[in-house]
Structure formats: structure tokens, C-alpha cells
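Data block below; observations after.
The values are calculated or read from the model by the stated rules, or taken from the named source; none is laboratory data. These numbers were taken from a predicted model, which means no experiment stands behind them. We place every Cβ from the backbone using ideal geometry, glycine too, and count neighbours over all the protein chains shown.
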Amino acid sequence: MFKLRGHHLFCLLGYRGMGYSEEYVENMTRLHQTLRENPKINIQLVEGPDQLCEKYPNSGVYHCEDGNIYKRDALILERLGLQIGQTLAWEDIELRIRKYIVPSDIQKVCKSCSWRSYGVCEEGIQEILNGNGLREVK
């Protein structure tokens, strides 16, 4: 089981092997590939820093504790009809994305995210809508 915060559910959709540091990328790639290969793995939704935040580089300001990030987490969970503390399989999260999310939601929900301009999250949502699951990270 993995412990993830709300906005990382969307980050995983757009993940393409880029990140904040080599250690962060290795951790994110491992988690992403595990979910891609076994979507029945359970995810426990947590408030605040999660298993991806554990590898965020210590660069002074701790991004994972930023108030705007907590707001993004809450908004994404609300859109998906999920709550902190809930545990469900990754494949069930993908089903909720298919039911409640469209690619253009990224522009609203993640408007302050520095990764948004790459367009990969919209592509990731479209992959889920097309029934393809998480993209392979090369």
C-alpha cells in the first residue's frame, strides 16, 4: 500500500520521468511503475506530506507544506469524491478520474503548479479516459 496526498494522484498521471532531484525521480518512477504494472495496489489518502514528499529535496522552503498545496489536495479529492483516510485500489482511482475529470480541469485545479505548462497532466488524464492507464516512463 502507498500513502498519497490528493494532488499526487494527478501528478502520477502526467509523470514522464522529470522531477526535483535524482532521488525524487527514482522514488516517483518506482511508485509510478508499480501502479502501472499492478493497478490493484491500494492507496491510502493522507493529508500533507506523503511517500513522494519524503524524497523532495531540502532546498530551504519545503514545498510539501505550502498552504496552496493543501488546497490543491482538497480540491482534487473533492472532485474525485474521495476523503482523507480512505483506502482504495489505484484502478478505482482511475475509474473515478474517468467519471469525474476532463483534461481541461488541470487548468483550473492546478493553475499554480509549475509543471502545468508542460501539458503532460492533460495528456495523462486523456490516457486514463481512453482506458490506457498510466503511461510508461522511458
Residues in region 102-138 that are modelled with pLDDT under 90 and under 12 Å from Phe10 (Cβ atoms) total 3
Glu122: passes all of (1) closer than 21 Å to Phe2 by Cβ; (2) in contact with a helix residue (DSSP H, G or I) (Cβ under 8 Å, 6 or more places away or on another chain); (3) in a helix (DSSP H, G or I) but (1)
Going through region 39-71 in order, the residues found to be of a type in the set (S, T, N, Q) and farther than 23 Å from Met18 by Cβ are Asn42, Gln44
Taking region 7-22 and keeping residues small (Gly, Ala, Ser), closer than 18 Å to Gly119 by Cα and surrounded by fewer than 16 Cβ atoms within 10 Å (Cβ to Cβ) leaves Gly17
Checked region 99-127 for anything under 26 Å from Gln86 (Cβ atoms), over 13 Å from the mean Cα position of the chain (by Cα) and surrounded by 13 or more Cβ atoms within 10 Å (Cβ to Cβ); matches are Tyr100, Ile101, Pro103, Asp105, Gln126, Glu127
All conditions in (1) under 16 Å from Trp90 (Cβ atoms); (2) of a type outside the set (Gly, Ala, Ser); (3) modelled with pLDDT under 95 are true of Val46 except (3)
Expected single match for part of a loop (DSSP other than H, G, I, E, B), modelled with pLDDT of 95 or more and closer than 24 Å to Gly131 by Cα among Lys40, Lys99 is Lys40
Note: among Val46, Val25, just one is β-branched (Val, Ile, Thr), surrounded by 14 or more Cβ atoms within 10 Å (Cβ to Cβ) and free of Cβ contacts under 8 Å to residues at least 12 places away in the same chain, namely Val25
When region 93-117 is checked residue by residue, the ones that are touching a residue at least 24 places away in the same chain (Cβ under 8 Å) and closer than 18 Å to Ile69 by Cβ are Asp105, Ile106, Val109, Cys110, Ser112, Cys113, Trp115
